[in-house]
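The values are calculated or read from the model by the stated rules, or taken from the named source; none is laboratory data. Note that this is a predicted model, so its numbers are computed, not measured. Cβ atoms come from the backbone with ideal geometry, glycine included; neighbour counts cover every protein chain shown.
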Amino acid sequence: MAVRSISILGATGSVGASALDLVRRNRDQWRVVALTANSSADELAALAREFGAEIAVVGGEAHLPALRDALGGSGVEAAGGQQALCEAASRPADLTLAAIVGCAGLAPTMAAIREGGTIALANKEALVSAGAVMMAAVERSGATLLPVDSEHNAIFQCLAGNALDQVRTITLTASGGPLRVFSAEELAKVTPAQAVAHPNWDMGAKISVDSATMMNKGLEFIEAHHLFPVGLERIRILVHPQSVIHSMVEYRDGSTLAQLGPPDMRVPIASCLAWPRRMETPCTRLDLAAIGELSFFAPDEERFPATRLAREAVQEGGAAPAVLNAANEIAVAAFLAGQIAFTRIAPLVAETLDALRIATPQTLDDVLAADAEGRRRAAALLEQD
Ligand code: NDP
């Protein structure tokens, strides 16, 4: 197989580590261009040395001296700051994995998209915030967007060879997270450690909290709407605690296709790395006889209102999805820092959305301005708590 080049934005994170594990196992097939992080300079330098990266970038400029030190004598270029992230993201690569967490990944992801290459998108907050602005950029540059999120990757696989106008419904499955069976009273007392202890998936802290509140599924609803525009009313959410079926597509003839797999992000990441072919992974094989039963439940939007908030935000349009995402990032950070209760996250997002009406963003700068305004307003509401 010909050697292909890859850049990984967010290389020190959970998705970054899973992707690098696959690259490591197929070392002779990949040339690593750019690896990025925010503040984990030593970890990033070690990865850049191991993989012989062209350039390593820390988003936080204050961490550049540490990165330079750690890379001394390696021949790997070092850079720091937002502009450097975008410059690295726009370096030619056969595949760019966008795996920065949060809207912080938006500008670098857009920089990669503008180059017109293949982008494997894990950074759902970027697409939720930028929505049509990002999809228009994909259209203009001719970039190929491959979904890494396990649900969207499943839908992508189930759609293969079929036109969207043949689809009756798309069902996003949700594990329901670690707090699925908690009562309202129990939810009010949940600690950060309980919220991040996902029963099936091993992920970064932010997405783990989003899974616990179900905001992750709300963000994924908006993500699905942009990637697979079948109409909002055709996109459903179904709780499926075993995380075996990663999503489903029902066609107009009554046939439903589902994608199944072990709850290991290396499976959807491998599907993007090898696309349009397949590659070996070391993942545990799915043993349905051992699993025995699969169960399904309707989401409970009383205890977990985040999916309703996301649906209403995308229905409202304008910059509401960007504001939803920004307020959620502030709320999750405050919860993880022990400043607010778990049950304050969704209300803070709702109050921020109620307080702001921002016109539909037309450009990346408009999206970033809406994101900044959403963060300011959510932080101001927190001050009043
Ligand atoms: P992690 O928190 O594990 O990693 C985040 C990565 O982004 C790290 O490399 C981190 O660097 C970097 N980063 C954080 N903040 C910034 C910033 N301000 N500027 C530049 N880089 C930054 O996240 P995950 O890997 O869990 O998630 C990454 C994305 O993938 C998210 O959007 C998430 O929703 C999505 N996703 C994740 C899944 C998972 O299984 N983890 C599944 C599906 C989607 P540093 O180490 O220096 O902080």
Open item on the list: over 24 Å from LEU232 (Cα atoms) and within 14 Å of the ligand (Cβ to nearest atom): is that true of ALA111 in this structure?
Closed with: yes
Open item on the list: Which condition from (1) in contact with a Ser or Thr (Cβ under 7 Å, 6 or more places away or on another chain); (2) surrounded by fewer than 19 Cβ atoms within 10 Å (Cβ to Cβ); (3) closer than 17 Å to ILE119 by Cα; (4) of a type in the set (Gly, Ala, Ser) is the one that SER5 breaks?
Closed with: (1)
Open item on the list: Given the criterion under 16 Å from the mean Cα position of the chain (by Cα), within 16 Å of the ligand (Cβ to nearest atom) and not in a helix (DSSP H, G or I), identify the matching residue among LEU106, LEU97.
Closed with: LEU97
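Across region 351-385, what is the number of residues that are of a type outside the set (Gly, Ala, Ser) and part of a helix (DSSP H, G or I)? It would help to see each step written out before you state the result.
Taking region 351-385 as the starting set, the residues that turn out to be of a type outside the set (Gly, Ala, Ser) are 351-354, 356-358, 360-368, 371, 373, 375-377, 381-385.
So of that shortlist, the ones also part of a helix (DSSP H, G or I) come out as 351-354, 364-368, 371, 373, 375-377, 381-383.
Residues meeting the conditions: 17.
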Open item on the list: Please go through region 110-145 and give me each residue that is of a type in the set (Val, Ile, Thr) and under 16 Å from ASP366 (Cβ atoms), ordered by number.
Closed with: VAL128, VAL133
Open item on the list: I'm trying to understand the selection: among the residues of region 28-40, which are within 12 Å of the ligand (Cβ to nearest atom) and either surrounded by fewer than 18 Cβ atoms within 10 Å (Cβ to Cβ) or charged (D, E, K, R) (or both)?
Closed with: SER39
Task: Qualifying position, being under 11 Å from SER7 (Cα atoms) and buried (at least 21 other Cβ atoms within 10 Å of the Cβ), among ALA45, ALA89 - done: ALA89
Open item on the list: Quick check on region 59-69. Is at least one of its residues assigned to a loop (DSSP other than H, G, I, E, B) and out of contact with any Pro (no Cβ under 7 Å at 6 or more places or on another chain)?
Closed with: yes
Open item on the list: Looking for something in a loop (DSSP other than H, G, I, E, B), on the phi > 0 side of the Ramachandran plot, modelled with pLDDT of 95 or more and not charged (D, E, K, R) - is there at least one such residue anywhere in region 320-338?
Closed with: yes
Open item on the list: Conditions first: (1) near the ligand (Cβ under 10 Å from one of its atoms); (2) within 30 Å of LEU324 (Cβ to Cβ). GLU43 passes all but one, so which condition is the exception?
Closed with: (2)
Task: Residues of region 350-385 classified as within 21 Å of the chain's Cα centre (by Cα) and of a type in the set (Lys, Arg), total - done: 1
TODO: Take GLY59 and decide whether it is out of contact with any Ser or Thr (no Cβ under 8 Å at 6 or more places or on another chain) and either within 16 Å of the ligand (Cβ to nearest atom) or over 30 Å from ALA224 (Cβ atoms) (or both).
DONE: no
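I need a count of the residues in region 135-152 that are in a helix (DSSP H, G or I) and within 18 Å of the chain's Cα centre (by Cα). Even if it seems obvious, please write down each step before you answer.
Taking region 135-152 and keeping what is in a helix (DSSP H, G or I), we get 135-141, 150-152.
Within this subset, residues satisfying the condition of being within 18 Å of the chain's Cα centre (by Cα) are 135, 138, 150-152.
Of the residues in that region, 5 qualify.
Conditions tested, residue by residue: (1) farther than 25 Å from ASP264 by Cβ; (2) away from the ligand (no atom under 12 Å from the Cβ); (3) small (Gly, Ala, Ser); (4) in contact (Cβ under 8 Å) with a residue 60 or more places away in the chain.
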residue: SER7; (1), (2), (3), (4): no, yes, yes, yes
residue: THR12; (1), (2), (3), (4): no, no, no, no
residue: VAL23; (1), (2), (3), (4): no, yes, no, yes
residue: ASN26; (1), (2), (3), (4): no, yes, no, yes
residue: SER90; (1), (2), (3), (4): yes, yes, yes, no
residue: ALA93; (1), (2), (3), (4): no, yes, yes, yes
residue: GLU115; (1), (2), (3), (4): yes, yes, no, no
Open item on the list: When you check PRO147 against the structure, is it touching a residue at least 60 places away in the same chain (Cβ under 8 Å), within 13 Å of the ligand (Cβ to nearest atom), more than 19 Å from HIS225 (Cβ to Cβ) and crowded, with 22+ Cβ neighbours inside 10 Å, yes or no?
Closed with: no
Open item on the list: Would you confirm whether or not region 208-217 contains a residue that is under 16 Å from THR343 (Cβ atoms), acidic (Asp, Glu), in contact (Cβ under 8 Å) with a residue 60 or more places away in the chain and within 14 Å of the ligand (Cβ to nearest atom)?
Closed with: yes
Task: All positions within region 295-317 that are part of a loop (DSSP other than H, G, I, E, B), among the hydrophobic types (A, V, I, L, M, F, W, C) and surrounded by 14 or more Cβ atoms within 10 Å (Cβ to Cβ) - done: PHE304
